[in-house]
Amino acid sequence: MVDTYDSSLSSGCELYYVFCQVSIDSEKIHILDDIILDSRRGLAHIDKGAKSSALLFLNSLPPETIIESGSHVPMQPFPGYPWAGRSLDEIYEYFKEIIGDGFAEHNFAVVDKRTLEDGTVLLCSDSDGSLAKVRADGYSSLHTMVPDEMGTKPLRDYGSNFVVTEEYIMADDLEYLAGVQAKVARGEALKDIEKRLTGLENGTAD
């Protein structure tokens, strides 16, 4: 798999840490590749350039190399060090220590055992003071974390038992679009009624 993503265009973008609680061998590493590629598609859904944010998988403590454009495919087998077996609380405490310029301040993701089963990741956010969690597929990862980081759509609103998927996002967008179209239609109808009433008052109604 060749990564055709132009990393120079996203240099300096906001990075979202991803911590792996499990080791990932050569047979499963494609799951991380899929998450990275799908996250870019999902980000493009809200940011047509898909250059403003990226996932960064951490495999060292402290981080040795920071890639300004995030992680790229193909990923190499992931030993899980130093996060394999660590609790979410431990990861969260470390996350708070390494926040810096160019990194999301409230959101991070975790690859766990379930990721190896269904390809979803655990998204975490403390944007409202306590840690909220929701699962999401790769497509929905950045699509969900970026609005939370910006304060426009809290991750907590999804509920801890919810799984955000590409299908859900597409359906949600269609519902939103239908609502907008209905508002426009109502607006046009009101304009037509107002025009007709004005015509009646002036004796010029059709």
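Note on region 121-134: residues that are farther than 11 Å from ASN107 by Cα and surrounded by 23 or more Cβ atoms within 10 Å (Cβ to Cβ) total 2.
Looking across region 144-163, the residues that are modelled with pLDDT of 90 or more and under 29 Å from TYR81 (Cβ atoms) come down to THR144, MET145, VAL146, ASP148, GLU149, LEU155, VAL163.
Only one entry in VAL111, VAL163, VAL73 is surrounded by fewer than 17 Cβ atoms within 10 Å (Cβ to Cβ), of a type in the set (Val, Ile, Thr) and within 20 Å of the chain's Cα centre (by Cα), namely VAL163. Pairs meeting the criteria (first residue in region 85-102 and of a type in the set (Lys, Arg), second residue at pLDDT 90 or above, beta carbons under 7 Å, at least 6 apart or on different chains) are ARG86/GLN21. When the criteria are applied in full, LYS133 fails the requirement of being assigned to a loop (DSSP other than H, G, I, E, B) and under 19 Å from the mean Cα position of the chain (by Cα). Only one entry in SER127, SER141 is at pLDDT 95 or above and either among the hydroxyl-bearing types (Ser, Thr, Tyr) or not assigned by TED's automatic domain parsing to the domain that holds GLY70 (or both), namely SER141. Report yes if ASP137 is touching a residue at least 12 places away in the same chain (Cβ under 8 Å), surrounded by fewer than 16 Cβ atoms within 10 Å (Cβ to Cβ) and in contact with a helix residue (DSSP H, G or I) (Cβ under 7 Å, 6 or more places away or on another chain), otherwise no. No.
The values are calculated or read from the model by the stated rules, or taken from the named source; none is laboratory data. All figures in this text were calculated on a predicted structure; none of them were measured in a lab. Virtual Cβ from ideal backbone geometry, glycine too; neighbours counted across all protein chains shown.
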